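S.K.: The structure is given below, and queries will be raised subsequently.
The values are calculated or read from the model by the stated rules, or taken from the named source; none is laboratory data. It should be emphasised that the depicted structure is a prediction, and the values quoted were computed from it without experimental measurement. Backbone-built Cβ (ideal geometry, glycine too); neighbour counts: all protein chains shown. Keep in mind that these areas ignore ligands, DNA and RNA; they rest on the heavy atoms of the full protein, side chains included. Shrake-Rupley method; radii C 1.70, N 1.55, O 1.52, S 1.80 Å.
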Amino acid sequence: NAGVMQNPRHLVRRRGQEARLRCSPMKGHSHVYWYRQLPEEGLKFMVYLQKENIIDESGMPKERFSAEFPKEGPSILRIQQVVRGDSAAYFCASFSFAGTSVTDTQYFGPGTRLTVL
Amino acid sequence: EDQVTQSPEALRLQEGESSSLNCSYTVSGLRGLFWYRQDPGKGPEFLFTLYSAGEEKEKERLKATLTKKESFLHITAPKPEDSATYLCAVQAANTGNQFYFGTGTSLTVIP
């Protein structure tokens, strides 16, 4: 999973500030997923994007959270007006899309650990 | 509702003591079942993908098997470096965009 890059690795924000998490997928991958992981909990799906398109955002809170994956540059998960409950590890995963079927295997980045004070 | 349950939550083994981890799932049509290994402070590392009941895959001391209701990750003669959390995930045919993860089994192998 070394090919998927996330930054920053650690992010500290005060309540009410904005957090921006970046994800660069593996070379050749044009689809990314974002997940949130809380201690003692499993990875929770947030959003699935391809370049310039949000495919499924059903796992993302409707307020304060947004995601994008521009034609050029990394995918960004943006959290506005952070609250303490947003403290978690956020992972992105990338994969390639071949023809009419997804190749399915996701490769994860190292994650961003967000701490809200 | 699609669900993934892993057991046990935690497992301690002596080095060389073989065992199995379980992943039970309920999905409306399985598209794929995935095993990952996660070390503390790191992202999940891909291990296996299984697509149909009866399928098996092996990698070093690990072997994954799949039935219609569950998957097992067999660890043969584990070593301390196998200590990690092992995650199972399923992709359902009717919600193909989403992958459902279990909460994992934390494995500790004692020298």
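S.K.: For chain B, calculate the relative contact order in percent as a whole number, restricting contacts to Cα pairs under 8 Å that are 6 or more residues apart. Walk me through the numbers before you get to the answer.
M.R.: Details: 286 pairs, mean separation 41.1, N = 111.
Normalised by residue count, the contact order of chain B is 37 percent.
S.K.: Roughly to the nearest percent, how much of the accessible area of the range B:1-81 is carbon and sulfur, given a 1.4 Å probe?
M.R.: Looking at the range B:1-81 in its full context, I get 46 percent from C and S.
S.K.: Express in nm, to one decimal, how much length is gained between residue A:117 and residue A:84 on full extension, taking 0.36 nm for each residue of separation and deducting their alpha carbon distance.
M.R.: Separation in residues times 0.36 nm, less the Cα-Cα distance, equals 11.2 nm.
S.K.: On to the next question. Residues of the range B:28-48 losing 30 Å² or more of accessible surface, assembly versus chain alone, probe 1.4 Å, please list them.
M.R.: B:31, B:36, B:38, B:41, B:43, B:44, B:46
S.K.: Return the value, in Å² to the nearest 100, of accessible area buried between chains B and A (probe 1.4 Å, both sides summed).
M.R.: When B and A are taken together, about 1700 Å² of accessible area is lost.
S.K.: Using the heavy atoms of the protein chains alone and a 1.4 angstrom probe, what is the accessible area of the range B:26-111 per residue in square angstrom? Let's see the in-between values first.
M.R.: Details: 3720 Å² over 86 residues.
Per-residue accessible area for the range B:26-111 comes out at 43 Å².
S.K.: Just which residues of the range A:39-53 lose 30 Å² or more accessible area with every protein chain there, against their chain alone, with the probe set to 1.4 Å?
M.R.: A:42, A:43, A:45
S.K.: Highest mean first, how do B:8-17, A:84-93 rank when packing is the count of other Cβ atoms within 10 Å averaged over residues?
M.R.: Output ranking for B:8-17, A:84-93: A:84-93, B:8-17.
S.K.: Cβ neighbours within 10 Å, averaged per peptide: list B:73-82, B:102-111, A:56-65 in order, most packed at the top.
M.R.: In descending order of packing, they fall as B:102-111, B:73-82, A:56-65.
S.K.: What residues of the range B:80-105 lose no less than 30 Å² of accessible area with every protein chain in place versus their chain by itself (probe 1.4 Å, heavy atoms only)?
M.R.: By number: B:97, B:98, B:99, B:101, B:103.
S.K.: Moving to a separate point now. Quick check for the range A:26-77: number of Lys pairs with alpha-carbon distance under 19 Å, counting only pairs 8 or more apart or on different chains?
M.R.: Step by step, the pairs that qualify in the range A:26-77 add up to 4.
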